[in-house]
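Peer 1: Right, I'll just put the structure down here and ask away after.
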Amino acid sequence: MTTPSATAPRAPRSAPARRPGRSPLQRRLRALRRAAPLTYVGLLLAVFVSVFPLWWMFVIATRTTDAASRFPPVLLPGDRFDDNVARLFGEASANFGTGLLNSFISAGTVAVSVVLFCSMAGFALAKLRFKGRDFFTVAVVLTMAVPVQVGIVPLLVLMEWLGWRGELQAVIVPFLVSGFGVFMMRQYVSQGVPDELLEAARIDGCSTFRTYWSVVLPALRPAMTVLGLLTFMTVWNEYVWAIAVLTPDNPTVQFSINQLQESAYARDFALMFTGATLATLPLLILFVLLGRQLVGRIMEGAIKA
């Protein structure tokens, strides 16, 4: 004889609750957390190799010149940083204050110009239909294959002809547009701005420039941030062209640091490292403020790949 409990149908089990799906970035970060200990050792070693020169530069900037030749090296800051900064700005041969101001003007102007014009060109090459579009795209890519050093001599002759030798526009005008920036913006517009969005803007009566300004430009904001940061860093660190075209009376910050090592028979390493520290500080601040956008774009590109 069977009991009622044996013949009663079993109640269906409730389906287990599904966990919210993880994004590709979250899955990659979860995989990194399961990395082998050797991976962490390698990462710590890479961080040490990257950060130690900057730390030692700052340490020497807070001490006297003889600290640069001590062994084992000095690893703790001193109390001479204020004195070294005062000596640095008082060094007439370096014109460090003028160099800082010129670098801010040139790097900021070039960064804004590159972001604006390259985003326009990238939008045109990616979404507009006109004769010769493919030719211009190939031409832009070919400019990236030509080393910058190849064009220094003819560009220097052009600066002499224009009368810009020793003037700040000589380090600004030649770099107002970047082939890399145009190509980067073209790729981003092709992938990040759908054609349906542009068609909707045209149906609403927007002109081409209004479509760029109101529709394309907001979508390009992450890529523009990255391009502006990279361009600012490149122009700020430009050394060869600044040495070739400027004069000690009107330098950039890299030119000023170069003048510090040529101004005396014995190099004042404390003074040089103080200048290098002050020249590096704006880039570190920019990277802290905008580094999230840069890392996010790199990770997004890795996930798409």
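The values are calculated or read from the model by the stated rules, or taken from the named source; none is laboratory data. Please read these numbers as outputs of a predicted model, since none were measured by experiment. A quick note on method: Cβ atoms are made from the backbone with ideal geometry, for glycine too, and the neighbour counts reach across all protein chains shown. Just so you know, the surface numbers come from the protein's heavy atoms only, side chains and all, with ligands and any DNA or RNA stripped out. Shrake-Rupley method; radii C 1.70, N 1.55, O 1.52, S 1.80 Å.
Peer 1: Which residue out of Gln261, Gln254 is free of Cβ contacts under 8 Å to residues at least 24 places away in the same chain, assigned to a helix (DSSP H, G or I) and polar (S, T, N, Q)?
Peer 2: Gln261
Peer 1: Regarding the range 271-286, can at least one residue be identified that is open to solvent by less than 30 Å² (accessible area, probe 1.4 Å), at pLDDT below 70 and assigned to a helix (DSSP H, G or I)?
Peer 2: There is no residue in the range 271-286 that is open to solvent by less than 30 Å² (accessible area, probe 1.4 Å), at pLDDT below 70 and assigned to a helix (DSSP H, G or I).
Peer 1: Looking at Gly291 and the list (1) open to solvent by less than 40 Å² (accessible area, probe 1.4 Å); (2) over 30 Å from Leu155 (Cα atoms); (3) at pLDDT 85 or above, which single condition is not satisfied?
Peer 2: Condition not satisfied by Gly291: (3).
Peer 1: Only residues that are closer than 14 Å to Leu176 by Cβ and open to solvent by 10 Å² or more (accessible area, probe 1.4 Å): list them for the range 220-237, please.
Peer 2: Within the range 220-237, Gly228, Thr231, Phe232, Thr234, Val235 meet the criteria.
Peer 1: Cβ-Cβ under 7 Å, sequence separation 6+ or interchain: first residue in the range 105-122 and open to solvent by 10 Å² or more (accessible area, probe 1.4 Å), partner not in a helix (DSSP H, G or I) and not basic (Lys, Arg). Which pairs?
Peer 2: Thr109/Ile172; Ser113/Leu176; Phe117/Leu176; Phe117/Val177
Peer 1: On the given criteria, is Arg22 surrounded by 10 or more Cβ atoms within 10 Å (Cβ to Cβ) and either over 25 Å from Leu284 (Cα atoms) or modelled with pLDDT of 65 or more (or both)? Explain how you work it out, then say what you get.
Peer 2: Values: surrounded by 10 or more Cβ atoms within 10 Å (Cβ to Cβ): yes; either over 25 Å from Leu284 (Cα atoms) or modelled with pLDDT of 65 or more (or both): yes.
For Arg22, the condition - surrounded by 10 or more Cβ atoms within 10 Å (Cβ to Cβ) and either over 25 Å from Leu284 (Cα atoms) or modelled with pLDDT of 65 or more (or both) - is met.
Peer 1: Moving on. Which condition number in (1) loosely packed, with under 14 Cβ neighbours inside 10 Å; (2) among the charged types (D, E, K, R); (3) more than 30 Å from Thr98 (Cα to Cα) is the one that Glu160 fails?
Peer 2: Every condition holds for Glu160 apart from (3).
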